[in-house]
Amino acid sequence: METDWLDRSEYPFASRFFDTEAGRMHYVDEGGAGRQQTLVMAHGTPEWSFSYRHLIKGLSARYRCIAPDYLGFGLSDKSRGWTYRPQDHARSLKALIDHLDLKDITLIVHDFGGPIGLSYAIERPDNVRRIVLMNTWMWSLRGDPAFERSRLFAGAVGRFLYERLGFSARFLLPMAMADKSKLTPTIHRHYLRPYSTPADRHATWVFARELLGSGDWYESLWQRRDRIRNHPALLLWGMKDFAFRAKELGTWQTALANARTIAFENTGHFVAEEQGATLCPLIEDFIENGPTSAEKAKP
């Protein structure tokens, strides 16, 4: 797609592409293959690699940073007829990791990037060194009243809202931010522009539908969570998120035996957007030093 609208002071990265069965996947690869550590960043919705721009700029001097756009998102192809389910994005992410022959990965995940990215960690725990989680989940949300309301979006009404009105990027994104001053018109435009037509917005609606619809797949990951239980983990959590709350943070704290938690009391769902470059030294310290014994959760 055309990229003249990109503000290159915000997103000064070269575009790279990986051919998949459903089209070209766009990704950022900054920092050079000679770096000793590789960070793979898996985004949520309606995000794309743009949401990780502060981390890429702040960490690529020391680490190799890989940030893909899932098919149907950002600068990737938005082919008709593909499923766009999270489990299929997970297969595409694995294919990219294999294609680039990435080793000893630090996974950074947010929102839908949780199940999508962590599915790789569960399948290849030997190739994931540590994980960074921001307001995400990896279990079935069925039966949780906070998420059962999302069934409205799974049908025709939701499809109209997401595809015709651009509900995800136009309305839900600013609603989910605690500090709305961070979403300037220029920044907001970067979340709106990749989804300019109803066809471009289809994948965002599929994610809304699959929040509950892919519950069996999420639960299958959760049942294998012991495969990553002892991985060093950093939980960067926005406490003013109306979706993934203190309850979900507590679930992760129980599940991960080697975790450090940093809670942001005045931050909403989109932690990387609201906190920006302030996350970089926290992540760098975690990579270099890991959780201390006092910060480790009890097994």
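Observations
- Flag for residue 222 being closer than 24 Å to residue 108 by Cβ, out of contact with any His (no Cβ under 6 Å at 6 or more places or on another chain) and aromatic (Phe, Trp, Tyr): yes
- Subset of the stretch 221-230 [buried (at least 19 other Cβ atoms within 10 Å of the Cβ) and either more than 14 Å from residue 113 (Cβ to Cβ) or modelled with pLDDT under 95 (or both)]: 228
- Enumeration of residues in the stretch 279-299 that are of a type in the set (D, E, K, R), at pLDDT below 50 and surrounded by 10 or more Cβ atoms within 10 Å (Cβ to Cβ): 295, 296
- Residue check, residue 178 at pLDDT 95 or above and part of a helix (DSSP H, G or I): no
- Scanning the stretch 232-275 for residues that are free of Cβ contacts under 8 Å to residues at least 60 places away in the same chain and among the charged types (D, E, K, R) yields 247, 260, 265.
- When residues of the stretch 1-49 are limited to those that are part of a loop (DSSP other than H, G, I, E, B) and among the β-branched types (Val, Ile, Thr), the one nearest to the chain's Cα centre (by Cα): 45
- Applying the condition of being within 20 Å of residue 288 (Cβ to Cβ) and either charged (D, E, K, R) or touching a strand residue (DSSP E or B) at 6+ places or on another chain (Cβ under 8 Å) (or both) to the stretch 35-51 and asking which residue is modelled with the lowest pLDDT yields 35.
- Sole residue being aromatic (Phe, Trp, Tyr) and part of a loop (DSSP other than H, G, I, E, B), chosen from 207, 242: 242
- Among the candidates 152, 172, 100, residue that is of a type in the set (A, V, I, L, M) and modelled with pLDDT under 95: 152
- If you filter the stretch 157-178 down to residues that are touching a helix residue (DSSP H, G or I) at 6+ places or on another chain (Cβ under 9 Å) and of a type in the set (D, E, K, R), you find that the one that is surrounded by the most Cβ atoms within 10 Å (Cβ to Cβ) is 163.
- Of all residues in the stretch 245-278, those being surrounded by 15 or more Cβ atoms within 10 Å (Cβ to Cβ), aliphatic (A, V, I, L, M) and farther than 14 Å from residue 135 by Cβ number 4.
The values are calculated or read from the model by the stated rules, or taken from the named source; none is laboratory data. None of the values given here were measured: they were computed from a predicted structure. Cβ atoms come from the backbone with ideal geometry, glycine included; neighbour counts cover every protein chain shown.
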